[in-house]
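Here the structure comes first, spelled out in structure tokens, and everything after it is commentary.
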Amino acid sequence: MKMNSLLVAAIVLAALSGVLYWSNHRKPVENAVKVSADTPPKILTLAQDDITKVDIRKKSGDEVVLAKNDAGKWQITEPKPFRADQNEVSSMLSTLSSLTSERLIEEKAGNLSDYGLAQPASELTVTEKDNKTQKLLLGDDTPAKNGVYVSLAGDPRVFTLANYAKTSLEKSAKDLRDKRLLIFEQDKLSRVELAAKKQDIEFGRNKDQWQIVKPKPFRADDSKVEDLIRKLGDAKMDSNVSDDDQKKAAAAFNSGTAVATARVTDASGTEELQVRKNKNDYYAKSSAVEGVFKVGSDLGTALDKTVDDFRNKKLFDLGFTNPDKIELHDGPKAYFLTKGGSDWFSVDGKKVDAIGAESFVEKVRDLAASKFVDSGFGTASLEVTATSNGGKAVEKVSIAKDGDHYVAKRDGEPALYQLDPVVISGLQLAAQDLKPAVEPKPEPAKKN
């Protein structure tokens, strides 16, 4: 009987202890109703541009230190010097500089241990340009697990902070590191070189247009070159791989087959990226980043190109603009179109049917090679001249028959373009369909 009484007493004591523990941990939340205003109070209000250093230290011992360099760029200085992802850092600082709580729990916390703030899970120390520092402490999760207790060092208040804000702040070096394998400013690139398929290709920028410089001067397809540059700019490391995985990647790279080597040059210098293939995987090594990294097959295929893949197949550089004038000589036949306002006119100044004129212009605009050839241009049987940009640009194309195909040559350029016969017949038919515009008949006069 005595034993039973002791057992009951022990159970009651345990229950009371549990209630007391729960009460102590729930008390701050209940108090929050009394001290919180309608608008959740701010925890930090800083000028983001004035922040010069951020130190993120976790209870586990992990630490990352960010510092702004003389050029105003953020760099990771600890645990190792790394380039920082400026967008990631800016996003974190945006949250940190205007940090709003969910609610104020206590105005004057009696025991920070109740919130895990005596030995916080994370500490963020912010330094401003006047060397003033603020330290943000992140403690335990709230009972509902949808937030975390926070406070500022030296401030007796305790707040709750939403989990999404906590995630924005608790960043590691891997999170904040610039993961790009090549660091260049696309709009400031002056040269791109590609060694692939036993060819050395070089692109040079002339204002806003790319030209092929090597192996020979050719017109470049701007969209193809820009796509290559975009792929190089998008090449990124996987910062979550283990040290063993990186060693395996290095071994695979060393024993792999060379796919291509790319070099990009901007105002800050030249960077190089080597890509190799091992079985079905691609690996890259950059002069801008230490290590070897596995990359996507889309990068490998984007670099595994010949010079012809980047050449401009279009015979005219008209783009989407209308020419001012088009002249076609097809043997003894000649066709002329001149743009005037929204209308087209023939050589005698008469208005040409708009549908036929637009069809002819599109045929000229769409003249494109099926492939590039080194020979086959003989005596020209057709000549097409397009004048655009207010008469400043004049392009002339001569076309000769070569067996079952045609070969075209732009005036002043050595390159030869092979054309399918259906392209030429379509152009000839469109020219033959040019007709005078039908003027609307005047309405009959009304009888009085």
**Prompt:** All but one of (1) closer than 30 Å to Ala437 by Cα; (2) modelled with pLDDT of 95 or more; (3) hydroxyl-bearing (Ser, Thr, Tyr) hold for Ser346; which doesn't?
**Reply:** (2)
**Prompt:** Residue check: is Ser242 free of Cβ contacts under 8 Å to residues at least 24 places away in the same chain, within 26 Å of Met92 (Cα to Cα) and surrounded by fewer than 17 Cβ atoms within 10 Å (Cβ to Cβ)?
**Reply:** yes
**Message:** I'm told Asp200 meets every condition in (1) part of a strand (DSSP E or B); (2) open to solvent by less than 80 Å² (accessible area, probe 1.4 Å) except one. Can you identify the failing condition by its number?
**Reply:** (2)
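Yes or no, residue by residue, for (1) within 14 Å of Leu318 (Cα to Cα); (2) assigned to a helix (DSSP H, G or I):
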position: Asp348; (1), (2): no, no
position: Ile355; (1), (2): no, yes
position: Ser359; (1), (2): no, yes
position: Lys363; (1), (2): yes, yes
position: Phe372; (1), (2): no, no
position: Ala386; (1), (2): yes, no
position: Ser398; (1), (2): no, no
position: Val407; (1), (2): no, no
position: Gly412; (1), (2): no, no
**Request:** Give the residue that is most open to solvent (accessible area, probe 1.4 Å), with candidates limited to residues of the range 363-383 that are farther than 20 Å from Arg311 by Cα and in contact (Cβ under 8 Å) with a residue 40 or more places away in the chain.
**Result:** Lys363
**Message:** Can you confirm whether Leu104 is open to solvent by less than 60 Å² (accessible area, probe 1.4 Å), closer than 21 Å to Lys174 by Cβ and in contact with a helix residue (DSSP H, G or I) (Cβ under 8 Å, 6 or more places away or on another chain)?
**Reply:** no
**Request:** Could you pull out the residue among Phe320, Phe316 that is buried (at least 19 other Cβ atoms within 10 Å of the Cβ) and assigned to a loop (DSSP other than H, G, I, E, B)?
**Result:** Phe316
**Item:** Residue count, the range 66-78 (criterion: more than 16 Å from Val289 (Cα to Cα), open to solvent by 30 Å² or more (accessible area, probe 1.4 Å) and either in contact (Cβ under 8 Å) with a residue 60 or more places away in the chain or not small (Gly, Ala, Ser) (or both))
**Value:** 5
**Item:** Residues located in the range 404-415, provided they are open to solvent by 20 Å² or more (accessible area, probe 1.4 Å) and either of a type in the set (D, E, K, R) or modelled with pLDDT of 95 or more (or both)
**Value:** Asp404, His405, Tyr406, Lys409, Arg410, Asp411, Glu413
**Request:** Provide a single number: the residues in the range 40-63 that are part of a strand (DSSP E or B), open to solvent by 30 Å² or more (accessible area, probe 1.4 Å) and more than 17 Å from Asn131 (Cα to Cα).
**Result:** 4
**Residue, nearest to the chain's Cα centre (by Cα), within the range 107-153, restricted to residues that are of a type outside the set (D, E, K, R), surrounded by fewer than 16 Cβ atoms within 10 Å (Cβ to Cβ) and farther than 21 Å from Thr52 by Cα** = Asn146
**Asked** What is the residue count in the range 269-313 for residues that are assigned to a strand (DSSP E or B) and open to solvent by less than 70 Å² (accessible area, probe 1.4 Å)?
**Response** 17
**Residue list for the range 384-398, restricted to those being at pLDDT 95 or above, in contact with an Asp or Glu (Cβ under 8 Å, 6 or more places away or on another chain) and either open to solvent by 60 Å² or more (accessible area, probe 1.4 Å) or β-branched (Val, Ile, Thr) (or both)** = Val384, Thr385, Thr387, Lys396, Val397
**Residue tally, condition under 36 Å from the mean Cα position of the chain (by Cα) and open to solvent by 30 Å² or more (accessible area, probe 1.4 Å), over the range 154-169** = 5
**Request:** Considering each of Asp308, Asp353, Asp304 in turn, give the residue that is acidic (Asp, Glu), in contact with an Asp or Glu (Cβ under 9 Å, 6 or more places away or on another chain) and touching a residue at least 12 places away in the same chain (Cβ under 8 Å).
**Result:** Asp353
**Request:** Could you run through the range 203-232 and say how many residues are more than 30 Å from Pro414 (Cα to Cα) and either assigned to a loop (DSSP other than H, G, I, E, B) or modelled with pLDDT under 95 (or both)?
**Result:** 0
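The values are calculated or read from the model by the stated rules, or taken from the named source; none is laboratory data. This one's a predicted model, so the numbers in the text were calculated from it and none came from an experiment. Glycine gets a Cβ as well: all are built from the backbone with ideal geometry, and neighbour counts include every protein chain shown. When the accessible area is computed, the model is the full protein with side chains, heavy atoms only, and any ligands, DNA or RNA have been set aside. Shrake-Rupley method; radii C 1.70, N 1.55, O 1.52, S 1.80 Å.
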